[in-house]
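S.K.: Can you read through this structure? Questions will come right after.
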Amino acid sequence: MLVKSFTSDSIEIHAPAKINLFLQVLSKRPDSYHNINSLFQAVTLFDIIKFKKIDDPVCRVQLTNKNDSDIKDNLILKAYDLMKMNFNLKGGIEATLEKSIPIAAGLGGGSSDCAAAIVALNRLFNLRLDKNRMAEIALQLGSDIPFFFSKGQALVTGRGEKVRETSYPVEYKIVLVSPPLSLSTKDGYADLKMDLTCHTTPYNLKDNRNLEDFFKSVAGAGNDFEKVQFKKNPKLGEIKRELLNCGVEMAQMSGSGPTIFGVFKRAIDTERACANNFAGCQLYTVEPFCLP
């Protein structure tokens, strides 16, 4: 999360996308959520959000480059409503949102925007909440939102509330291939058909400092959603195979899909992989992003 500018009545935040370098679904919980084990990595693809404090006790969201119908379930609105209820906010906010992160693509764009809204409200209304308290509030709105209060790389467990910052290598490039599919995370979990008796042993990611060993480790852990999403959407498996044919160090699906990413050691490799491939998909060349 990057705060680019801040005054007493306005703030601009750049909210990053994330990828799951590996993702295990370990078990279904009695509360109907699932326990996961995943290495989250923020990347340099950002939604840009400008927040302005207003007198009216409402939240207004304007999308500058998407249809306004996209905002009815926007998590920025839900974040404002929750913060207003918890802290009796006197006044509201106007948010101007420039979307760059694809919607419902497994990249956490909505969750990152929600975290940005909580950060903005904390600053603009001088609530003085620390990042742990903001993450607790965020968990009420989505399981992967607490991650976005970290520095940008973390091992995420529980249903998403346990965020342990890590320091694995980040000196590589990433190409994101996002096909024109919108996949439901809820449906993805349902397709795994896990009941309360299903339990998977958590993958133990070694303390890899060597880049090649790190790639092998996370590739070995995989993404549990691939087996169900590739079966329902064979195009996703084709994208992964094509990335591997392009010479990536590893390729994986992010979240519950549909975005597939490949990692490279050099930027020139990502450009070569993108050339003349993946027609009809959105392509992004990015890097891991971590705050100091």
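The values are calculated or read from the model by the stated rules, or taken from the named source; none is laboratory data. Everything quoted here is computed from the prediction, not taken from an experiment. Counting neighbours? That spans all protein chains shown, and the Cβs are built from the backbone with ideal geometry, glycine included. When the accessible area is computed, the model is the full protein with side chains, heavy atoms only, and any ligands, DNA or RNA have been set aside. Shrake-Rupley method; radii C 1.70, N 1.55, O 1.52, S 1.80 Å.
S.K.: Past 26 Å, Cα to Cα: identify those pairs from Lys18/Lys231; Lys50/Lys235; Lys99/Lys231; Lys4/Lys84; Lys50/Lys240; Lys90/Lys131, in the order given.
M.R.: Cα-Cα > 26 Å for Lys50/Lys235; Lys99/Lys231; Lys50/Lys240; rest within.
S.K.: Pop out the carbon and sulfur fraction of the accessible area of the chain as a percent, whole number, probe 1.4 Å.
M.R.: Roughly 48 percent of what the probe reaches on the chain is carbon or sulfur.
S.K.: Taking 41 Å as R0, compute the FRET efficiency from the Cβ-Cβ separation of Lys216 and Asn65 and round it to 0.05.
M.R.: For R0 = 41 Å, the calculated efficiency reads 0.60.
S.K.: When only C-alpha pairs under 8 Å and at least 6 residues apart count, what is the relative contact order of the range 1-87, in percent?
M.R.: So the answer I get is 24 percent.
S.K.: 222 nm [θ] for the chain, helices only, -39500 (n - 2.57) per DSSP H run of 4+, per residue, to 500?
M.R.: Helix-only estimate at 222 nm: -8500 deg cm²/dmol.
S.K.: Then there's this: For Lys52, which aspartates and glutamates qualify as cross-link partners when the Cα separation must be under 17 Å and same-chain residues fewer than eight apart are set aside?
M.R.: Asp9, Glu12, Asp81, Glu94, Glu98, Asp113
S.K.: Using a 1.4 Å probe, what is the accessible area per residue for the chain, in Å²?
M.R.: Roughly 47 Å² per residue, with all protein chains present.
S.K.: Using alpha-carbon pairs under 8 Å, 6+ residues apart, how would you state the relative contact order of the chain in percent?
M.R.: 23
S.K.: While we're looking at this one, here's another question. Can you give the % of DSSP beta bridges in the chain that are antiparallel, to the nearest 5?
M.R.: In the chain, DSSP labels about 90 percent of beta bridges as antiparallel.
S.K.: Right, here's the next one. Please identify the trypsin sites (Lys or Arg not before Pro) of the range 101-187 that satisfy two criteria: DSSP loop assignment and at most 14 other Cβ atoms within 10 Å. Which are they?
M.R.: Arg128
S.K.: Another question about this same structure. So if each residue of separation counts as 0.36 nm, and I subtract the Cα-Cα distance between Asp130 and Asn208, what length gain in nm does that give?
M.R.: 25.0 nm
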